[in-house]
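> Below is one structure. I have some questions about it.
The values are calculated or read from the model by the stated rules, or taken from the named source; none is laboratory data. Since the structure is predicted, the reported quantities are computational estimates derived from the model, not experimental observations. Backbone-built Cβ (ideal geometry, glycine too); neighbour counts: all protein chains shown.
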Amino acid sequence: MLLFTLNAVPAVAIGYLLGMPVAPGMMVSFVVYFIANEEIHWRIHLGGWLPSWLEPARKHHLMHHSVPEARFNIFLPVSDFLFGPARSVAKINR
Ligand SMILES: [Zn+2]
């Protein structure tokens, strides 16, 4: 609840500055993201069905648990590649 409240403040402020109500869409997007995030995360750990395009995410995320200081993204490793944890793991695996 605190996370949604903290994110609602800038969303409402941005909507006010832009003169258009962007906060409702942003908050619905947050909810959809967090529900998908939790569902995919549990399916990765419990061996549940995932769409074929998310299967590489299972291996990527499980490597996070074997090397806890790396691979923080659950299904899209964008920030891992941008901020370096994936490169650190590559060095460890050499
Ligand atoms: Zn996990």
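> If we keep just the residues of region 58-79 that are in contact (Cβ under 8 Å) with a residue 12 or more places away in the chain and more than 11 Å from the ligand (Cβ to nearest atom), which is nearest to Trp42 (Cα to Cα)? Steps first, answer last, please.
Of all residues in region 58-79, those in contact (Cβ under 8 Å) with a residue 12 or more places away in the chain come to 58, 60-63, 67, 69-77.
Still in the running and more than 11 Å from the ligand (Cβ to nearest atom): 67, 69-70, 76-77.
Details: Val67: 19, Glu69: 20, Ala70: 19, Leu76: 15, Pro77: 17 Å.
That would be Leu76.
Here is a yes/no grid of residues against (1) outside the structural domain of Leu3 (by TED's automatic domain parsing); (2) in contact with a helix residue (DSSP H, G or I) (Cβ under 7 Å, 6 or more places away or on another chain); (3) not in a loop (DSSP other than H, G, I, E, B):
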{"residue": "Val31", "(1), (2), (3)": "no, no, yes"}
{"residue": "Ile40", "(1), (2), (3)": "yes, yes, yes"}
{"residue": "Arg43", "(1), (2), (3)": "yes, no, yes"}
{"residue": "Pro56", "(1), (2), (3)": "yes, no, yes"}
{"residue": "Lys59", "(1), (2), (3)": "yes, no, yes"}
{"residue": "Met63", "(1), (2), (3)": "yes, yes, yes"}
{"residue": "Phe72", "(1), (2), (3)": "yes, yes, no"}
{"residue": "Leu76", "(1), (2), (3)": "yes, no, no"}
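> Only residues that are part of a helix (DSSP H, G or I) and farther than 18 Å from Val78 by Cα: list them for region 45-54, please.
So the first thing to find is which residues in region 45-54 are part of a helix (DSSP H, G or I), and the list is 45-46, 52-54.
His45, Leu46, Ser52, listed by residue number.
> How many residues are without any contact (Cβ under 8 Å) to a residue 12 or more places away in the chain and under 13 Å from the mean Cα position of the chain (by Cα) when one looks only at region 11-30?
So the count comes out to 1.
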